[in-house]
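Below you'll find the structure, written out as C-alpha cells, and then a few comments.
The values are calculated or read from the model by the stated rules, or taken from the named source; none is laboratory data. If you're wondering where the values come from, they're calculated on a predicted model, not measured in any experiment. A quick note on method: Cβ atoms are made from the backbone with ideal geometry, for glycine too, and the neighbour counts reach across all protein chains shown. To get the accessible areas, we keep the full protein, side chains included, count just its heavy atoms, and leave off ligands, DNA and RNA. Shrake-Rupley method; radii C 1.70, N 1.55, O 1.52, S 1.80 Å.
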Amino acid sequence: ALRLFINFGDEEGAADAHWIAAWIASDRGYSAARDAGLEACATHARLANDAMRADIADAALARLSIWRHARANQAQWGQQFPHNLDGIHPALEGWINDYRGALAFQANDFGHAAAMRTHAYEAALETGQIQRAIYAAANIGASFAHLNDHFAALEWKQRGLDLALPTGWPCSIGLSLIHTAETLRLLGRLDTAHELLAKARNTLQTLSDSRCYTLALRNLGDLALDQGSCFEALDTFRQLEERADSLHQADFQATARRGQAHALSYLDRPQEALQIGMIALSMAREDGNASQQIAALRVLAEIHSRHELPFR
C-alpha cells in the first residue's frame with residue numbers, strides 16, 4: 001500500500017500507511033521501527049498539508065518517549081502542543097490529553113493523570129479510536145490504583161477489558177487482562193490475579209518482544225513475591241531486566257532490579273540484594289521517577305530490617 005501511495009504521489013495515503021506500519025512494529029516490540037514509522041507519518045502528513053495527522057503522529061511519539069527518559073521528553077516535547085485545546089478536533093485532543101496524562105502519571109500526579117486520561121478516553125470513543133480507548137481505560141485504572149482507590153481502578157480496568165475482548169487484538173486483550181489482574185492482586189485476590197496473568201501471558205506469547213508482554217512479566221514477578229514464590233519471582237524479574245534493557249524502558253529497568261533485590265532478600269542473599277537494590281534506586285533517580293525511588297527505598301529499608309548490614 002505504501003509503495004502504491006508513493007507511486008501515485010498520495011502523501012496523505014502514505015502517512016496513513018506509515019501510521020499502521022508503526023503500530024504493527026509497536027505490537028511486535030520493534031521500537032526503532034515504530035518511531036521511524038511515526039516520524040515518516042508526520043513528514044508525509046505535512047507534505048499533504050494535513051496538520052492534524054502530523055500533530056497526532058507527534059503526540060504519539062511524545063507519549064512513547066516518556067518511558068525512555070522523562071526529563072529528555074520534557075525538553076523535546078514540553079512546548080510542542082497548545083495549552084488550551086478548545087476548538088481542536090477531538091481525534092487530536094485525545095492524543096494530546098493522553099500524552100499529558102502519561103506525563104502527570106510519571107510525575108506522580110495521579111489525580112491529574114486520571115483526569116487527563118478520562119478526557120482521552122472520551123475523545124477516543126467519540127472518534128472511533130477503540131484501541132486508544134482500551135488503553136486509556138486501563139491507564140485510568142492504573143491512576144486510581146496509585147491513589148489507593150482500588151474499586152474505581154477495577155471498574156475502569158473492567159471497562160477496558162469489556163471493550164478489548166470482542167476485538168480479538170492480542171495486545172489490547174493482554175494489556176486489559178494484565179491491568180485487571182494487578183488490581184485484583186492489590187485487593188488480595190491472588191489466585192484470580194494469577195489466572196488472569198497466565199491468560200494474558202498466553203495471549204501475548206507471539207508478541208514476546210512487546211511492552212505489553214514486558215508489563216506481564218513485571219506483574220507476574222510482583223505476584224510471585226506476594227505468594228512467597230521467591231525463586232519464581234527472581235527468575236521473572238531477571239527476564240524482565242533482559243526485556244527492559246532491550247526495549248530501553250527506564251521504568252521497567254528500575255523495577256526489574258527492585259524486584260530482584262526483594263526476592264534475593266527473601267532468599268537470604270543480603271549482599272546481592274543490597275547491591276542490586278542500590279542500582280534500582282540509582283536508575284530511578286536518574287530518570288526522576290519518584291514512585292520508583294520510593295519503591296526502591298522501601299525494599300532497601302526491608303533489606304536492612306531483615307539482615308545485619310552496614311548502612312550506607
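Note that the range 82-160 presents 41 Å² accessible area per residue, ligands and nucleic acids not counted, probe 1.4 Å. In the chain, the portion of solvent-accessible area held by carbon and sulfur atoms comes to 52 percent [1.4 Å probe, whole percent, DNA, RNA and ligands not counted]. Over the range 220-312, accessible surface divided per residue gives 47 Å², non-protein components excluded, 1.4 Å probe. At full extension, Glu122 and Phe151 could sit 8.4 nm farther apart than now, given 0.36 nm per residue minus the alpha carbon distance. To the nearest ten degrees, helix 170-186 and the longest principal axis of the Cα atoms of the chain are 40 degrees apart. Per residue, the range 1-65 exposes 50 Å² of accessible surface when a 1.4 Å probe is rolled over the protein heavy atoms with every protein chain present. Over the chain, DSSP H runs of length four or greater, each weighted -39,500 (n - 2.57), average out per residue to a 222 nm ellipticity of -26000 deg cm²/dmol.
Here the chain is treated with +1 on each Lys and Arg Cβ and -1 on each Asp and Glu Cβ, and its dipole about the Cα centre works out to around 540 debye.
Listed values (i) 28, 23, 19; (ii) 36, 20, 19; (iii) 38, 20, 18 include one computed from this model; for semi-axes √(5λ) of the Cα gyration tensor in Å that value carries the label (ii). Mind checking which of Asp222, Asp235, Asp55 has the largest fluctuation in a GNM of the chain, springs on alpha carbons under 10 Å? It is Asp235.
Spin-label model, Glu195/Arg3: points 7 Å from Cα along the beta carbon direction are separated by 4.9 nm.
Each peptide in 285-292, 45-52 was scored by the mean count of other Cβ atoms within 10 Å over its residues; highest first, the order is 285-292, 45-52. Taking the chain as a Gaussian network, Cα atoms linked when under 10 Å apart, which of Thr255, Thr118, Thr43 shows the biggest mean-square fluctuation? In the Gaussian network model the winner is Thr43. Based on alpha-carbon centroids, what's the gap between the range 1-73 and the range 140-186 in Å, whole number please? The range 1-73 and the range 140-186 have Cα centres spaced 27 Å from each other. A simple spin-label model places the labels of Ile24 and Glu232 3.7 nm from each other, with each point 7 Å out along Cα-to-Cβ.
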